[in-house]
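Trainee: Please read through the structure below; I'll follow up with questions.
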Amino acid sequence: MRLSEMHLKTLREVPSEAELASHILLLRTGMIRKLVSGVYGFMNMGYRSVRKIEDIIRQEMDAKGGQEILMSAVQPAELWQESGRWYAYGPELWRLKDRNGRDFCLGPTHEEIFTDIARADITSHRQLPVNLYQIQTKYRDEARPRFGLMRSREFIMKDAYSFDKDDAGLDESYKKMFSAYERIFKRCGLDCRPVEADSGAIGGSNSHEFTAISEVGESEIAFCESCDMAATLERAEVVDAKPTGSEKDFLPMEDVHTPDSKTIEDVAKYLGISEDKTMKALLFITYNEDGEKDKYVAAFVRGDRELNMTKLINALGIPEHAIEFADEKEMSAVTGCVGGFTGPVGLHDCIVVVDSELPGQVNLVAGANKAEYHTKNVNYGRDYKADILVDLKTLREGDACPVCGKLVKTARGIEVGQVFKLGTKYSESMGAYYKDENQKEKPIVMGCYGIGVTRTLAAVVEQHHDENGIIWPISVAPYHCIITLINPKDDVQRELAESIYTSLQGMGVEVLLDDRTERPGVKFKDADLLGIPIRITVGKLAGEGQVEYKLRRDENKTVISAEEAVAAATQLVSQESDGRIYLK
């Protein structure tokens, strides 16, 4: 492709709304075009890279027996009501009505649609296993779309669904998809780590998230270098601290005046104790399916701990959108709590959720449920009990690994894919059954497997860029090579550039010819910004048949013959086009 004929508009200035490198660079290169908040279109260069990621996905999915289909993004509400997710999915579900008042949604995912296919088409064990997938635009009405393609309201996703006879079959399907995902992300040039994850609104018994390591990622993961433990912080188990005593060590409760001491830090400082000797209260209100206030919740963790909201939501068995912080005055009138001074002793008419660590911690300081007072020597069992006793803590760097006991580390990353063992969650609720060898009806056992295609594109840019622009891995680069023609009016330079251009095309190399009548500095800046992996510069040495050869990822430039440049570029593209050789 000749740049003089290409629709290309690059930006010199950083877009004001962009914060992350991927967002900035994809806008500056003109690869994406913002329509409204959270909605982006893809221009020619960006869409070429999107299609390359899709092709890698197709190759690996097909190699594992996946069969590609394409379903509508418009889904009838009845299917979501059957599965129970019409309410559970929450306000992110983009709902709409047709002219007859019938409810629909724009699909954020397709479990219901694929389960409907299975229940209609699969009747016998002989038809199993099956794996169906699609690559399609999805929609989620994000409350705060941000970071470009990282959290958008419209995005391209690959979603696959496996159908098996039993759990053993699901285990095998899950392993196949897990392996395919490892290859997909490696081929895309991503440094990606699979970690245990929460299943969220998708549901199921087990899940792994594939996280592209990045300091700007929204996903936080914990991992242990001494064993294989790796999990999102939402999912990570936390080892309870060792008990500090037993019932024989219990001291009498004592209310103490603690003026202006609402925070744990203030209380600990005022009483001259460490924060791990205190108890923290967090107050919530839940909502029912009609959106009405339902129940108050008081959650308690040790004072130096952070509450894990995902664990609390799972313990309560409610959707994420059905809980929020309570109005303390309103809750006080019902339960007896006092904002900033709430403790578990004497609370009523609310669900008390207690972290599993607290029963072993004796003589803690907790709120006294009266203003300006805390209670010393509060002990579980004697003074208060839980309606729900469960791990509510967030794992921190330096905590003990729940598997081997060594210290864990934390990192940030970008979620690019996730795999789920759904089991019979959807097949039972929607009546997807098959007949086994004895003609007995059994629910189909399902798994689902998603990859954010456009998120993967953004993650690649996050991991592969410098101050000058993108540094595309060859496997997903919009073009492999760019020929920078310094002076298009010079016949010798132009003829050599055209010769290289034709030769590379003949060897299957995707090549751009920058034949624009722009200053050399502009051309070099655009080449770096666009991140084309190989640059061949045709300039004043053209008369000697020599060119400058440079890789975008390297600082070094070499002067070689045009023939050598063609051979080097062809060899590199052949080696790295599937992403197996070069991983930055």
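The values are calculated or read from the model by the stated rules, or taken from the named source; none is laboratory data. Since the structure is predicted, the reported quantities are computational estimates derived from the model, not experimental observations. Because the Cβ atoms are built from the backbone with ideal geometry, glycine has one as well, and the counts that use them run over all protein chains shown. Accessible surface is based on the protein model in full, side chains and every heavy atom, while ligands, DNA and RNA are left aside. Shrake-Rupley method; radii C 1.70, N 1.55, O 1.52, S 1.80 Å.
Trainee: As an exercise: evaluate E19 against (1) assigned to a loop (DSSP other than H, G, I, E, B); (2) farther than 29 Å from I213 by Cα; (3) at pLDDT below 95; (4) open to solvent by 30 Å² or more (accessible area, probe 1.4 Å) and give the number of the one condition it does not meet.
Mentor: If we test E19 against (1) assigned to a loop (DSSP other than H, G, I, E, B); (2) farther than 29 Å from I213 by Cα; (3) at pLDDT below 95; (4) open to solvent by 30 Å² or more (accessible area, probe 1.4 Å), just (2) comes out false.
Trainee: Among what's in segment 67-80 and is within 26 Å of the chain's Cα centre (by Cα) and surrounded by fewer than 16 Cβ atoms within 10 Å (Cβ to Cβ), pick the residue that is farthest from K138 (Cα to Cα).
Mentor: Going through the qualifying residues, I end up with Q67.
Trainee: Out of segment 262-298, which residues are closer than 23 Å to E357 by Cβ and among the polar types (S, T, N, Q)?
Mentor: Across segment 262-298, the qualifying residues are T263, S274, T278.
Trainee: Now for a different question. Suppose the filter is aliphatic (A, V, I, L, M), closer than 30 Å to K489 by Cα and either free of Cβ contacts under 8 Å to residues at least 12 places away in the same chain or in contact with a Pro (Cβ under 8 Å, 6 or more places away or on another chain) (or both); does M45 pass it?
Mentor: Taking the combined requirement at face value, the residue satisfies it.
Trainee: Further, regarding this structure: Keeping to segment 423-433, report how many residues are open to solvent by less than 10 Å² (accessible area, probe 1.4 Å) and in contact with a strand residue (DSSP E or B) (Cβ under 8 Å, 6 or more places away or on another chain).
Mentor: Adding up the residues that qualify gives 3.
Trainee: Let me ask something additional. Tell me which residues, restricted to segment 105-127, are of a type in the set (S, T, N, Q) and either part of a helix (DSSP H, G or I) or farther than 30 Å from E437 by Cα (or both).
Mentor: Residues satisfying the conditions are T109, T115, Q127.
Trainee: Which of the residues spanning segment 348-363 are crowded, with 21+ Cβ neighbours inside 10 Å and part of a helix (DSSP H, G or I)?
Mentor: Once the filter is applied, which keeps residues that are crowded, with 21+ Cβ neighbours inside 10 Å and part of a helix (DSSP H, G or I), segment 348-363 yields only L358.
Trainee: Moving to a separate point now. Which ones in segment 270-295 are open to solvent by 30 Å² or more (accessible area, probe 1.4 Å), within 15 Å of A326 (Cα to Cα) and assigned to a strand (DSSP E or B)?
Mentor: Across segment 270-295, the qualifying residues are A281, L282, Y287, K293, D294, K295.
Trainee: Hey, which of the strands (runs of 3 or more DSSP E) in segment 506-584, taking only ones fully inside, have at least 3 residues that are among the β-branched types (V, I, T)?
Mentor: The strands (runs of 3 or more DSSP E) meeting that bar are 534-538, 557-561.
Trainee: Please count how many residues of segment 52-104 are modelled with pLDDT under 95, part of a helix (DSSP H, G or I) and either of a type in the set (F, W, Y) or at positive phi (or both).
Mentor: Selection size over segment 52-104: 3.
Trainee: Moving on. Restricting to segment 332-346, name every residue that is more than 38 Å from the chain's Cα centre (by Cα) and in a loop (DSSP other than H, G, I, E, B).
Mentor: G336, V345, G346, listed by residue number.
Trainee: Scan segment 404-422 for residues that are open to solvent by less than 20 Å² (accessible area, probe 1.4 Å) and over 24 Å from I57 (Cα atoms) and report the count.
Mentor: Matching residues across segment 404-422 total 1.
Trainee: Also, quick follow-up: Taking segment 322-331 only, how many residues are open to solvent by less than 30 Å² (accessible area, probe 1.4 Å) and either of a type in the set (D, E, K, R) or assigned to a strand (DSSP E or B) (or both)?
Mentor: Counting residues in segment 322-331 that are open to solvent by less than 30 Å² (accessible area, probe 1.4 Å) and either of a type in the set (D, E, K, R) or assigned to a strand (DSSP E or B) (or both) gives 1.
Trainee: So which residues in segment 136-175 are surrounded by 18 or more Cβ atoms within 10 Å (Cβ to Cβ), part of a loop (DSSP other than H, G, I, E, B), in contact with a helix residue (DSSP H, G or I) (Cβ under 8 Å, 6 or more places away or on another chain) and not charged (D, E, K, R)?
Mentor: F147, G148, L149, M150, S152
Trainee: Moving to a separate point now. Name the residues in segment 112-135 that are over 16 Å from C448 (Cβ atoms) and open to solvent by 50 Å² or more (accessible area, probe 1.4 Å), would you?
Mentor: Within segment 112-135, A120, D121, T123, R126, Q127 qualify.
Trainee: Additional query: Among all residue pairs at least 6 apart or on different chains, which show Cβ distances below 7 Å where the first residue, located in segment 334-353, is without any contact (Cβ under 8 Å) to a residue 40 or more places away in the chain and the second is of a type in the set (S, T, N, Q) and in a loop (DSSP other than H, G, I, E, B)?
Mentor: Filtered contacts from segment 334-353: G336/N369; V338/N369; G346/N369.
Trainee: Would you check if there is a residue in segment 422-433 being within 23 Å of S219 (Cβ to Cβ), assigned to a loop (DSSP other than H, G, I, E, B) and modelled with pLDDT of 95 or more? Steps first, please.
Mentor: Narrowing segment 422-433 to residues within 23 Å of S219 (Cβ to Cβ): 422.
Add one more test, that the residue is assigned to a loop (DSSP other than H, G, I, E, B), and what stays is none.
Scanning segment 422-433, I find no residue that is within 23 Å of S219 (Cβ to Cβ), assigned to a loop (DSSP other than H, G, I, E, B) and modelled with pLDDT of 95 or more, so the answer is no.
Trainee: Does T109 count as of a type in the set (S, T, N, Q), surrounded by 14 or more Cβ atoms within 10 Å (Cβ to Cβ) and touching a helix residue (DSSP H, G or I) at 6+ places or on another chain (Cβ under 8 Å)?
Mentor: no
Trainee: So which residues in segment 338-354 are among the β-branched types (V, I, T) and touching a helix residue (DSSP H, G or I) at 6+ places or on another chain (Cβ under 9 Å), if there are any at all? Can you show your working first?
Mentor: Residues of segment 338-354 that are among the β-branched types (V, I, T), as a first pass: 338, 342, 345, 351-354.
V338, T342, I351, V353, listed by residue number.
Trainee: Part of a helix (DSSP H, G or I), of a type outside the set (K, R) and either crowded, with 18+ Cβ neighbours inside 10 Å or on the phi > 0 side of the Ramachandran plot (or both): does that describe L312?
Mentor: Against the criterion (part of a helix (DSSP H, G or I), of a type outside the set (K, R) and either crowded, with 18+ Cβ neighbours inside 10 Å or on the phi > 0 side of the Ramachandran plot (or both)), L312 qualifies.
Trainee: Out of the residues in segment 484-526 that are free of Cβ contacts under 8 Å to residues at least 24 places away in the same chain and open to solvent by less than 50 Å² (accessible area, probe 1.4 Å), which is farthest from L3 (Cα to Cα)?
Mentor: Once the filter is applied, the top-ranked residue is G521.
Trainee: While we're here: Scanning segment 453-483 for residues that are open to solvent by 30 Å² or more (accessible area, probe 1.4 Å) and among the charged types (D, E, K, R), which turns out farthest from R552 (Cα to Cα)?
Mentor: Among residues in segment 453-483 that are open to solvent by 30 Å² or more (accessible area, probe 1.4 Å) and among the charged types (D, E, K, R), the one farthest from R552 (Cα to Cα) is R455.
Trainee: Follow-up. Checking V453 against (1) more than 29 Å from S179 (Cα to Cα); (2) within 18 Å of the chain's Cα centre (by Cα): exactly one of these is not met. Which one?
Mentor: Evaluating V453 over (1) more than 29 Å from S179 (Cα to Cα); (2) within 18 Å of the chain's Cα centre (by Cα) leaves (1) as the failure.
Trainee: Turning to a different aspect of this structure: For residues in segment 212-240 being in contact with a helix residue (DSSP H, G or I) (Cβ under 9 Å, 6 or more places away or on another chain) and part of a strand (DSSP E or B), which is nearest to D391 (Cα to Cα)?
Mentor: T232
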